[in-house]
Structures are given as C-alpha cells and as structure tokens.
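The values are calculated or read from the model by the stated rules, or taken from the named source; none is laboratory data. Values in this document were obtained by computation on a predicted structure and should not be read as measured data. Don't worry about glycine lacking a Cβ; one is built from the backbone with ideal geometry, like all the others, and counts go over all protein chains shown.
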C-alpha cells in the first residue's frame with residue numbers, strides 16, 4: 001500500500017512546483033574544465049621542451065650582451081629580453097614579416113665538421129633602424145619614421161651595427177659550440193626573401209627591445225636542420241651555465257672591461273676651501289671684491305673625483321699655469 005502524504009508534505013510539493021523546481025531536483029556539480037592543448041599531427045614538433053630550454057638559456061645570455069651594446073649606442077637605457085621561442089613552418093614566419101623591415105642574412109658555420117653550414121635570419125623593425133640612425137647622428141627626440149626606404153648611406157651605417165650584433169651572436173654560441181658568423185647581405189623587403197622552403201621547420205627566437213617609451217620586437221629565424229643535433233650535444237652543464245673559460249681568456253676579458261672603465265669621464269677638482277654666503281651677499285658682489293677664506297694660501301688643498309675627496313695636494317705653478325702637486329691619498 002502506497003504511503004499517504006501528510007498535508008505539510010503536500011504543501012511543500014505545491015510550493016516547489018510553483019517555484020519551478022521539483023522534489024527530485026538535486027544540485028548539479030560542474031565538472032572541472034580540463035585544459036586541452038591542441039596538437040597538429042600533420043606538423044609534429046621536432047624539439048623537446050628541454051632542448052628549447054637550452055636554447056632559451058643561450059639567447060638570454062645573448063640578450064644581456066646586446067642590452068649593454070644598445071644602451072651605449074642609443075645613449076639611453078635599452079633592454080633586450082627573450083619573450084618567446086617556438087618552432088613553426090617557414091611560410092608562417094615569412095607571411096608574418098612586414099613589407100618594410102630589416103633582415104640580415106647571416107652565414108652560420110660550425111667549426112665542427114659533423115655539422116653543416118646554414119643561414120640565420122636576423123629581423124629588426126624598420127622604426128628601430130631609423131631610431132639607431134637618429135641617435136648616432138645626435139638626435140634624442142621622438143622616434144623618426146619617414147615613409148621611405150633606407151638610403152645607401154643609412155644601410156652602410158646599419159651594416160656596421162648589425163656586424164657588431166652578429167659578432168656578439170658568434171661569441172655567445174662559442175660558449176656552447178665553436179662557430180663562425182658572417183653577414184651575407186641586408187634585405188629591406190621581407191616579402192622577397194626565400195631563404196628556405198615554405199614547408200621547412202624553423203625555430204623563431206622573439207626578442208623584445210625597449211628604449212624609453214619605444215618598444216619593438218626582433219626575430220631570429222634558424223632552420224631546424226642540424227639544430228636539434230647541435231642542441232642535443234649541449235651537456236647539462238652548458239644548458240644551465242655558460243662554459244667556464246680558460247684563465248687566459250678570463251684575464252683578457254677582465255682587462256678588456258678595465259680598458260672600457262678607464263675611458264670613463266670623471267670630473268677632477270682642486271678645492272682650497274669652501275664658504276657660505278647669503279643670497280644678498282652674493283647679489284652684492286662686485287668686480288675686485290675679496291672673499292676671505294679660513295685657509296692660508298700655502299695650505300693643502302683637497303682634490304675631489306666626482307665630488308669625493310681623494311687626495312691632499314699643494315698649490316703651485318707649472319709652465320706659467322696654476323697646478324697642484326698630489327700628496328697622500330685620502331681614500332682609495
């Protein structure tokens with residue numbers, strides 16, 4: 001015999017029916033969404049995650065080197081960072097190139113006979129090329145972007161810059177694999193470049209260049225031929241840190257850095273004494289007025305380097321010119 005519902009149960013059923021629910025309704029638990037990464041089986045990946053990590057470490061070292069170079073070249077703080085390394089078909093990279101750009105074709109020759117020679121492509125934004133020229137000519141204003149191609153003189157100037165950037169690329173690779181690099185040519189039309197077959201697999205290293213409020217991207221395109229073998233030859237030590245150089249090369253590097261430091265400009269001043277005056281006294285100064293100091297004329301003077309007292313010295317004359325003779329060191 002079926003159970004008989006009480007009046008309260010009947011009222012509850014009517015209430016739920018009016019609210020659009022039923023007694024059998026239960027809260028629905030949503031299953032967590034699973035992240036699915038698309039994979040194209042028609043274009044399988046040739047490089048593992050560890051191999052791309054090794055390549056990332058290499059180009060992060062390269063970006064730090066060219067950061068210093070571009071900062072000195074642009075006379076402004078410039079940062080270069082690796083933002084992406086991926087493999088794709090060459091036609092995908094070629095189709096993404098703008099019509100007006102700077103592309104340096106670089107011969108990449110491993111000194112190890114086990115690897116074949118190949119070609120790298122270094123792509124720079126046209127606006128960054130004009131910015132380099134403007135800074136080298138002395139301008140410090142906004143980015144100048146004329147609606148024209150580069151002249152022969154401008155390409156010659158940019159060729160010198162690209163040669164130096166290519167040398168840094170060679171030096172970075174030499175920490176992992178001895179190579180030689182040479183700029184073969186500089187192209188200004190990305191659509192006309194057919195360095196590889198459209199279906200060839202290439203690795204694209206994308207760098208972000210920031211100088212003040214200006215920002216652009218640069219790309220290095222490398223063919224996959226030999227590259228997977230080259231990366232696989234890197235030991236775990238090379239994948240995490242740069243190769244330890246010989247003591248002779250370390251000494252030569254330190255001397256080179258010291259030579260650059262020696263060329264830095266510093267302000268050297270000889271100070272006999274200092275005094276304080278009110279603004280009214282300064283305004284009232286006239287020609288031939290005498291300012292009394294608290295030191296005798298034959299007292300020691302302080303020689304400062306960029307405002308820091310460094311030596312004690314004596315005032316004198318050398319070849320009819322005022323001079324100071326350095327004495328003991330105050331600090332150093």
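Having 1 or more residues that are more than 29 Å from residue 173 (Cα to Cα) and at pLDDT 75 or above is the bar; report the helices (runs of 4 or more DSSP H) wholly within region 1-116 that clear it. Show your work before the answer.
Values: elements: 7-18, 49-74, 90-96.
Hits in region 1-116: 7-18.
How many residues are more than 20 Å from residue 70 (Cα to Cα) and either outside the structural domain of residue 161 (by TED's automatic domain parsing) or out of contact with any helix residue (DSSP H, G or I) (no Cβ under 7 Å at 6 or more places or on another chain) (or both) if we restrict to region 111-137? So that I can check it myself, show each step before the final result.
Pass one, region 111-137, residues more than 20 Å from residue 70 (Cα to Cα): 111-120.
With the extra rule that they be either outside the structural domain of residue 161 (by TED's automatic domain parsing) or out of contact with any helix residue (DSSP H, G or I) (no Cβ under 7 Å at 6 or more places or on another chain) (or both), the set shrinks to 111-114, 116-120.
Adding up the residues that qualify gives 9.
Give just the number: which of (1) within 18 Å of residue 224 (Cβ to Cβ); (2) surrounded by fewer than 15 Cβ atoms within 10 Å (Cβ to Cβ); (3) in contact with a strand residue (DSSP E or B) (Cβ under 6 Å, 6 or more places away or on another chain); (4) touching a residue at least 12 places away in the same chain (Cβ under 8 Å) does residue 120 not satisfy?
For residue 120, the failing item is (2).
Only one residue in 201, 143, 183 is modelled with pLDDT of 85 or more and within 23 Å of the chain's Cα centre (by Cα), so which one is that?
On the way: 201 fails: within 23 Å of the chain's Cα centre (by Cα); 143 fails: modelled with pLDDT of 85 or more.
So the residue among 201, 143, 183 that is modelled with pLDDT of 85 or more and within 23 Å of the chain's Cα centre (by Cα) is 183.
Scan region 210-225 and tell me whether some residue there is outside any helix (DSSP H, G or I), touching a strand residue (DSSP E or B) at 6+ places or on another chain (Cβ under 9 Å), within 22 Å of residue 48 (Cβ to Cβ) and at pLDDT below 85.
Within region 210-225, one or more residues are outside any helix (DSSP H, G or I), touching a strand residue (DSSP E or B) at 6+ places or on another chain (Cβ under 9 Å), within 22 Å of residue 48 (Cβ to Cβ) and at pLDDT below 85.
Is it fair to say residue 147 is in contact with a strand residue (DSSP E or B) (Cβ under 6 Å, 6 or more places away or on another chain) and surrounded by fewer than 18 Cβ atoms within 10 Å (Cβ to Cβ)?
So residue 147 fails the test.
Taking the conditions exactly as written (free of Cβ contacts under 8 Å to residues at least 12 places away in the same chain and under 18 Å from residue 118 (Cα atoms)), does residue 170 satisfy them or not?
Yes; evaluated as a whole, the condition is true for this residue.
Each row is one residue, and each column tells you yes or no for (1) outside any loop (DSSP other than H, G, I, E, B); (2) touching a helix residue (DSSP H, G or I) at 6+ places or on another chain (Cβ under 7 Å); (3) exposed (fewer than 15 other Cβ atoms within 10 Å of the Cβ).
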position: 139; (1), (2), (3): no, no, yes
position: 165; (1), (2), (3): yes, yes, no
position: 168; (1), (2), (3): yes, yes, no
position: 171; (1), (2), (3): yes, no, yes
position: 183; (1), (2), (3): yes, yes, no
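Take residue 155 and decide whether it is in contact with a strand residue (DSSP E or B) (Cβ under 7 Å, 6 or more places away or on another chain), touching a residue at least 12 places away in the same chain (Cβ under 8 Å) and assigned to a loop (DSSP other than H, G, I, E, B).
no
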